[in-house]
Amino acid sequence: MTLLLDGKTLSENIREEISKRVKAITSKGYREPTLAVVLVGNDPASHIYVRNKRKACQKVGIRSLFYHLPENTTTPELLDLIAYLNSEEKVDGILVQLPLPEHISQQEVILSVSPRKDVDGFHPENMGKLVARIEGGFIPCTPLGIDLLLKHYRIDPKGKDVVIVGAGFIVGRPLALLMLWRDATVSVCHIHTKDITVYTKKADILISATGVPHLIKGDMIKEGAVVIDVGISKLGDKVVGDVDFDSVKHKVSAITPVPGGVGPMTITALLLNTLQAYEQNMG
Ligand code: GUN
């Protein structure tokens with residue numbers, strides 16, 4: 001029997017707990033945890049992601065502030081807003097939705113967010129804590145969400161061959177560091193990998209984060225593997241992942257569905273990081 005790793009239900013349960021924690025805080029007369037969400041431009045997918053994040057905040061009692069800047073915003077203008085949010089006592093977390101328009105320096109923006117408010121975990125101080133296994137930093141939301149999902153289903157990466165397909169800044173690279181932290185043997189495949197199948201076939205836990213629909217087929221995986229699908233793409237009218245679910249599902253021991261797997265866990269991790277920022281800010 002194949003186990004479906006149900007990120008939707010686990011998310012609902014964790015969000016229920018977050019909601020209780022927020023109520024306990026505010027009922028004592030303290031202010032609500034607050035997340036500032038910054039979106040530059042009009043990328044339709046980013047709009048949807050931001051709307052979902054803000055809705056999730058609202059449902060658990062986290063206040064979200066929305067800063068929507070025009071496409072032609074300059075890097076200094078965006079840095080000014082971030083400097084203001086850094087200094088604002090009542091803002092606990094800052095999230096700048098990526099990708100930014102081409103003309104804005106993503107690097108400068110990431111460096112400008114206070115590491116103490118960096119709920120995305122993208123600042124080098126937080127990435128460095130991930131490298132050095134220092135607790136108390138912020139772990140990027142999708143890797144953290146996957147870690148929580150694996151923990152819930154008692155899938156321990158320790159000593160396992162974990163293969164990550166995709167070496168992006170938001171998921172693949174920080175996830176590789178987190179899986180190393182969990183004592184896995186980690187391989188990271190990317191666009192220049194000669195033959196990804198050599199790696200995917202060896203994976204005890206295969207995690208794909210490329211955004212290439214149906215890249216991973218049944219004949220590329222080991223019998224009994226755990227498969228985590230981070231991809232979200234549109235194929236016609238259907239939302240599909242990186243994994244060709246139908247050809248893979250009979251071969252694996254466990255797999256995340258798309259939608260309803262990693263996606264909701266990413267947003268749940270953002271809520272947890274925001275609560276962590278609040279507690280560290282108030283404490
Ligand atoms: N764009 C896609 N994923 C993310 C994310 O986790 N954080 C931010 N800020 N932008 C994204």
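Laid out as a table, the results:
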read-out: Residue among Leu95, Leu81, Leu39 that is out of contact with any Pro (no Cβ under 7 Å at 6 or more places or on another chain), outside any loop (DSSP other than H, G, I, E, B) and within 30 Å of Val227 (Cβ to Cβ); value: Leu95
read-out: Residue match in segment 73-80 (condition: within 13 Å of the ligand (Cβ to nearest atom) and surrounded by fewer than 22 Cβ atoms within 10 Å (Cβ to Cβ)); value: no
read-out: Residue within segment 165-185 that is charged (D, E, K, R), within 21 Å of the chain's Cα centre (by Cα), more than 26 Å from Arg15 (Cα to Cα) and within 15 Å of the ligand (Cβ to nearest atom) present; value: yes
read-out: Matching residues in segment 81-98 - criterion: being away from the ligand (no atom under 14 Å from the Cβ) and within 20 Å of the chain's Cα centre (by Cα); value: Asp92
read-out: Failed condition for Ile110, given (1) among the aliphatic types (A, V, I, L, M); (2) closer than 19 Å to Leu270 by Cα; (3) in contact with a Gly (Cβ under 8 Å, 6 or more places away or on another chain); value: (3)
read-out: Among the candidates Lys55, Lys59, Lys28, residue that is charged (D, E, K, R) and touching a residue at least 40 places away in the same chain (Cβ under 8 Å); value: Lys59
read-out: Selected residue [free of Cβ contacts under 8 Å to residues at least 60 places away in the same chain, out of contact with any Ser or Thr (no Cβ under 8 Å at 6 or more places or on another chain), acidic (Asp, Glu) and farther than 30 Å from Glu32 by Cα] from Asp195, Asp219; value: Asp195
read-out: Meets criteria (closer than 18 Å to Gly166 by Cα, touching a strand residue (DSSP E or B) at 6+ places or on another chain (Cβ under 8 Å) and among the polar types (S, T, N, Q)) for Ser253; value: no
read-out: Residue list for segment 9-61, restricted to those being away from the ligand (no atom under 14 Å from the Cβ) and on the phi > 0 side of the Ramachandran plot; value: Gly29, Gly61
read-out: From the options Asp204, Asp242, residue that is acidic (Asp, Glu), over 14 Å from Val162 (Cα atoms) and in the same structural domain as Ala176 (by TED's automatic domain parsing); value: Asp242
read-out: Filter result for the condition that a residue is without any contact (Cβ under 8 Å) to a residue 40 or more places away in the chain and closer than 18 Å to Lys151 by Cα, over Asp183, Asp204; value: Asp183
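The values are calculated or read from the model by the stated rules, or taken from the named source; none is laboratory data. Just so it is clear, the structure is predicted and the values come from calculations on it, not from any experiment. Note that each Cβ is placed from the backbone with ideal geometry, even for glycine, and that neighbours are counted across all protein chains shown.
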